[in-house]
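Notes to accompany the following structure.
Only the coordinates and a few stated rules stand behind these numbers; no lab work does. Because the structure is predicted, anything quoted here is derived from the model rather than measured. Backbone-built Cβ (ideal geometry, glycine too); neighbour counts: all protein chains shown.
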Amino acid sequence: MKRRASLFTSGLCALLMLTASVQGALAAKAKDLPPAPTTGTGIDTLATNVVLMDGDTGEVLWQKDGETLMHPASMSKLMTLSLLFDALKAGKVKLDDKFTVSERAWREGGAATGSSTMFLKVGDQVAVQDLIQGIIVQSGNDACIVVAEGLAGTEEAFVDQENKRAKELGLTQSTFRNSTGWPDPQHLMTAHDLATLARHLIYDFPDYYHFFSEKQFTWNGITQGNRNPLL
């Protein structure tokens, strides 16, 4: 579940960028196109929840159950990245600043959990830039918790910031309960909110978008490939 979710995370960003790049070419013919369908008809896909969004305008071109609540799993790591990019853009932290790996981050997000991990060790001092790669490339749950604690002191305080920021971004149906996407019955998003969040990351933080194109990242002697096979 978590691997498939992280594939979609990067894939969604790539899809939004692709949509933006062809938008100009389609504009001339837009007046001749029929209205975009608002249900699952018209495009054959096994995906349960889909939103195709114009990257330039945010207009939904097509959707299938795009407003249906679902458990986003690792796709919710986009919100963790959003708060970290906010802090970087505001100058509150720098890419070479270092956060400390707590026992909780190791215990709840490390290799022993059997989930996606950056393989951090307790007490490690890790640069923000490395944590970004650990989250984006490796989908590291431990990296997310380290970022949450580094920015807010505790993951619980970070979750409060996530939910506040979600409202500011117009993610009207999203509720966060952790920084990782770890299963929780109340940790919910919609495909539309995810698309809106992905668009925010692409267009508001262009300096950091290149991280999503990295094919692999090595930490602690362990090399992991990007979960996005489109690369």
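Amide H contacts under 5 Å for M53: L61, restricted to partners 5 or more places along the chain or on a different chain, H placed in the peptide plane at 1.01 Å from N.
Once Rh is set to the Kirkwood radius over Cα pairs, what Stokes-Einstein translational diffusion coefficient, in µm²/s, holds for segment 45-139 at a temperature of 10 °C and a viscosity of 1.306 mPa s? Kindly include the intermediate steps, with their values, before the conclusion.
Details: Rh = 15.8 Å.
Taking Rh from Cα pairs, D becomes 100 µm²/s.
Label sites at T172 and T45, each approximated as a point 7 angstrom past Cα along Cα to Cβ, lie 2.1 nm apart. Listed by chain and number, the aspartates and glutamates whose C-alpha is less than 15 Å from the C-alpha of K94, apart from same-chain residues fewer than 8 away, are D86, D130, D207. For segment 182-199, putting each phi into the Karplus relation 6.51 cos²θ - 1.76 cosθ + 1.60 with θ = phi - 60° gives couplings of 4, x, 8, x, 9, 8, 9, 8, 10, 4, 5, 5, 5, 5, 4, 5, 4, 4 Hz, in residue order, rounded to whole numbers and with x for Gly and Pro.
Segment 76-184 has equivalent-ellipsoid semi-axes of 20, 17, 11 Å, by the square roots of 5 times the alpha carbon gyration tensor eigenvalues, sorted largest first.
Strictly over 31 Å apart at the Cα level, which of K121/K215; K64/K121; K98/K167 would you flag in this model?
On the way: K121/K215 23 Å; K64/K121 42 Å; K98/K167 29 Å.
From K121/K215; K64/K121; K98/K167, over 31 Å: K64/K121.
In this structure, L95 and V122 have a Cβ-Cβ separation that, at R0 = 30 Å, corresponds to a calculated FRET efficiency of about 0.85.
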